[in-house]
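Scroll down for the structure; my scribbles are underneath it.
Derivation of every value follows stated rules applied to the coordinates shown; laboratory data play no part. In this text the structure is predicted, and so the values were computed from the model without any measurement. Positions of Cβ are generated from backbone atoms using ideal geometry, with glycine treated the same way; all protein chains shown enter the neighbour counts.
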Amino acid sequence: MRPEILYSLFSPATTLKGVGPKVAPLVEKLAGPLVRDLAFLAPQGLVKRPLTAIADAAEGQVQTVVGVVEAHTPPPRPSLPWRMRLFDGSAFITLTWFKGHGPHLARQHPVGERRAASGKVERFGAELQMAHPDYLLPVERIDEIPQDEAIYPATAGLAPRTVRKLVAEAVARAPELPEWLDEAWRAREGLPGWRAALEALHAPKSDADLGPEHPARRRLAYDELLAHQLAMAQRKASRRAQPAVRVPGGPTAAALEAALPFRLTGAQSRALSEVRGDLQSGERMSRLLQGDVGAGKTVVAMLAMADAADAGLQSVLMAPTEILARQHYETVVGPLEAQGVRCLLLTGRDKGAARAEKLRALAGGEVAVAIGTHALFQDDVVFKALALAVIDEQHRFGVNERSRLQDKGPSTHLLAMSATPIPRTLELTMFGDLDVSRIDEKPPGRKPVATRAVPAPRIGEVVGRLSEALKGGAQAFWICPLVAESETVDLAAAEGRAEDLRRALGPRVGLVHGRMAPAEKDAVMAGFADGEIALLVATTVVEVGVNVPNASIMVIEQAERFGLAQLHQLRGRVGRGVRESSCVLLYDPPLSAAGEARLDILRKTEDGFVIAEKDLELRGGGDPLGLKQSGFPAYRLVDPVAHRGLIATAADDARLILARDPGLTSPRGQAVRLLQQLFDWRPGGPLTDAG
Ligand code: ADP
Ligand code: MG
């Protein structure tokens with residue numbers, strides 16, 4: 001139930017003056033359907049309207065002038081503007097209007113009257129002009145022309161002035177609300193109260209007032225973060241309250257571990273014991289296993305699945321592509337079956353009787369571990385006792401898919417795995433409702449990948465060295481970026497490059513791209529994995545996580561166009577085998593200073609978490625890591641980079657508030673509820689990923 005105090009903000013935007021059936025959809029597109037959404041629409045810029053003598057008016061600038069109406073000149077032809085001449089003793093300016101408001105203008109602004117006009121001043125030959133002034137008023141009303149005016153994001157069909165008016169009206173309807181922030185902290189940080197912050201947000205006086213560091217902006221961003229962190233913390237708590245089957249673990253995992261050709265790293269052991277803690281807790285696990293490419297997540301998942309099998313329970317391991325699923329299957333089937341744990345692989349290729357047989361084995365409980373693709377989501381895939389769902393490359397799956405998989409067992413434990421290292425602060429905003437284990441250590445003995453930045457004109461040398469390496473039995477990736485607006489153009493570029501390389505290096509050059517049918521793509525990837533293809537030319541679709549240990553060279557064209565995280569991921573595909581590995585970052589010179597700094601980071605470190613932090617620092621603003629696609633929350637006022645310090649504070653604050661007052665019944669608790677309703681992070685958004 002929404003409290004009455006918020007009614008005015010939560011009434012539809014159509015209750016604002018001037019929002020009829022024609023304007024409403026435009027407002028909705030710009031801000032949202034509610035008065036609240038307009039109140040939270042952050043201005044992007046500022047217009048100043050200095051009062052200027054006409055003779056001093058600067059071209060191309062918005063200014064206010066005052067003068068006497070000297071003449072009206074109707075257009076000689078309809079395609080020409082109506083003209084009105086204003087004189088202030090220093091010079092003339094001509095105000096112009098197209099599309100016949102003329103006679104009306106002449107009546108409203110008769111010759112001889114003094115008028116104030118405000119708008120952008122331009123010069124045509126000797127003549128100063130102001131086309132369609134933003135304001136034209138009798139001089140007595142000059143105060144109605146604002147000196148500083150906020151500029152909002154534009155949307156076709158809505159005049160900036162209309163948006164400004166609607167926002168002002170929306171803000172005027174905002175009530176005073178009780179303070180939900182800790183007063184001592186707010187005072188220390190110098191943050192205004194909520195309503196004052198909202199007003200200040202819309203009344204910038206200088207460019208600094210528009211920046212993320214302005215106290216009003218920080219205050220509102222913090223509110224948004226706090227509301228969000230509270231929602232995630234509550235979601236986490238409510239999930240914890242759901243009972244789930246206890247998986248005590250048994251001898252199989254220990255036997256498997258003993259049989260591994262390597263010892264678990266400290267980070268792997270830590271992650272495994274965190275997973276086991278969840279499995280044994282009687283509460284439902286929702287854990288994200290974060291670890292760089294090659295960190296060794298699969299074995300952690302395998303050991304957890306072995307624990308489930310020991311308890312007579314089933315597990316699934318799901319991968320985003322057929323080839324990855326098959327790789328996982330091949331990795332785990334030997335060790336698991338040697339311990340008497342039966343496994344099967346289920347993908348879209350399974351059809352007819354063979355598929356039916358697999359489904360029977362799962363429904364009957366004879367098979368403990370199922371590995372596969374989306375095929376595991378099908379409704380007719382039924383388990384006897386599913387206890388654990390492992391999702392590899394979790395960002396490749398939609399929310400619904402994940403919950404559908406979890407729904408196949410009563411309170412199935414979820415282990416999501418991700419090879420996209422993200423900074424801690426962003427981890428809080430993206431996965432604040434999950435428990436996170438980090439594998440921040442690579443298995444020993446990995447050779448560093450020698451990384452070099454090479455200007456594109458030296459591509460010939462790169463191809464020459466590549467040719468030598470391939471003759472020596474090495475395999476390589478060649479990545480063509482998606483640069484053109486059109487996929488067709490990019491595809492043509494990649495095809496052209498593959499052709500060039502085939503001419504230079506011989507026929508064992510394969511091409512894989514996003515337009516290929518999945519089966520076709522899998523076939524090429526399999527050819528590369530088998531070694532039939534020596535050089536794989538790819539657009540950025542190179543399957544995340546594909547393990548081809550013999551591949552030791554990664555060439556990335558136009559590397560300056562990729563995000564750091566993406567470059568790091570691409571590079572992670574080499575350096576897995578016995579060969580010395582290298583990564584060549586081809587760039588189009590000249591490289592900007594920022595571009596150089598970015599490529600430099602890659603040369604200096606291979607730690608994905610360090611790279612992610614640096615990337616965040618370097619980018620500043622916008623959508624630093626392409627986060628929007630990966631489920632980053634759609635904040636209204638938070639800048640994930642500038643406000644990153646606030647994120648951790650909000651997470652702590654949320655935890656503390658809920659620990660002290662879980663029911664939010666204290667006076668502050670009640671104010672906090674208002675905050676939550678104000679921002680309205682509904683369940684079902686991108687953050688319910690792990691269900
Ligand atoms: P990712 O985290 O990218 O999924 P994988 O699980 O595919 O990584 O592991 C990459 C490779 O590292 C595999 O060949 C795996 O056998 C190997 N590996 C995993 N853990 C260790 C370890 N502790 N020591 C040595 N090699 C390991
Ligand atoms: Mg993997």
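Legend: distances between Cα atoms for Lys236/Lys358; Lys22/Lys236; Lys236/Lys604; Lys22/Lys120; pairs beyond 31 Å are Lys236/Lys358; Lys22/Lys236; Lys236/Lys604. Among the listed pairs Lys48/Lys165; Lys99/Lys165; Lys442/Lys521; Lys351/Lys521, those whose Cα-Cα separation exceeds 27 Å are Lys442/Lys521. Taking every DSSP beta bridge that has both ends in the chain, the antiparallel portion is near 40%. Using the average count of surrounding beta-carbon atoms within 10 Å as a protection proxy, the listed peptides 382-388, 343-349, 252-258 rank, highest first, as 382-388, 343-349, 252-258.
Summing +1 for each Lys or Arg and -1 for each Asp or Glu among the other residues whose beta-carbon sits under 12 angstrom from that of Glu557 gives -2. Cα centroid separation, the range 21-62 to the range 276-322: 52 Å. Packing order of peptides 268-276, 486-494, highest average first: 268-276, 486-494 (average count of other Cβ atoms within 10 Å over each peptide's residues). Amide hydrogen proximity for Ile151: with H placed 1.01 Å from N in the peptide plane, the residues at 5 or more positions away or on another chain lying under 5 Å are Gln44, Gly45, Leu46, Val47.
Estimated from helical segments only, the mean residue ellipticity of the chain at 222 nm is -12000 deg cm²/dmol, where each DSSP H run of four or more residues counts as -39500 (n - 2.57). For the range 552-582 versus the range 488-513, the inter-centroid distance based on Cα atoms is 18 Å. Relative contact order, whole percent, for the chain stands at 13, derived from Cα pairs under 8 Å and 6 or more residues apart. Scoring 29-41, 13-25 by mean Cβ neighbours within 10 Å over their residues and listing the highest first yields 29-41, 13-25.
Applying the Karplus relation 6.51 cos²θ - 1.76 cosθ + 1.60 with θ = phi - 60° to the range 475-480 yields 3J(HN,Hα) values of 10, 9, 9, 10, 9, 9 Hz, where x marks Gly and Pro. Shape descriptor for the range 171-316: Rg over Rh equals 1.24 (Cα atoms; Rh from the Kirkwood inverse mean 1/r). Counting only residues at least eight positions apart within a chain, or on another chain, the lysines with an alpha carbon under 24 Å from that of Lys471 are Lys447. Can you figure out the FRET efficiency of Thr73 with Arg114, using R₀ = 22 Å and their beta-carbon distance, to the nearest 0.05? Rounded to the nearest 0.05, the efficiency is 0.70. Suppose R0 equals 45 Å; then what is the FRET efficiency for Leu656 and Ser269 from their Cβ-Cβ distance, rounded to the nearest 0.05? Efficiency for this residue pair is about 0.90. Treating r as the C-beta distance of Asp182 and Val610 and R0 as 35 Å, the FRET efficiency rounds to 0.60. Computed over all pairs of different Cα atoms, the Kirkwood value for the hydrodynamic radius of the chain is 29.5 Å.
In the chain, which whole DSSP H runs stretch at least 15 Å along their own axis (Cα) and average 0.0 or higher on the Kyte-Doolittle scale? Membrane-span-like by this rule: 160-172, 297-310, 459-471, 608-619, 644-660. Multiplying the residue separation of Asp207 and Ala648 by 0.36 nm and subtracting their alpha-carbon distance yields 156.0 nm. Taking 0.36 nm per residue of separation and subtracting the current Cα-Cα distance, fully stretching the chain between Arg107 and Arg360 would add 82.4 nm. One chain, two ends: Ala55 and Val489. Fully extended at 0.36 nm per residue, the span grows by 151.0 nm beyond their Cα-Cα distance. Taking amide hydrogens as placed 1.01 Å from N in the peptide plane, the amide H of Val436 sits under 5 Å from those of Leu288, each at least 5 positions away in sequence or on another chain. Assign one of three labels to the range 449-605, namely rounded, prolate or oblate, based on the Cα gyration tensor with a ≥ b ≥ c the square roots of its eigenvalues; rounded applies when a/c is under 1.5, prolate when it is not and a/b is larger than b/c, and oblate otherwise. It comes out rounded by the Cα gyration axes.
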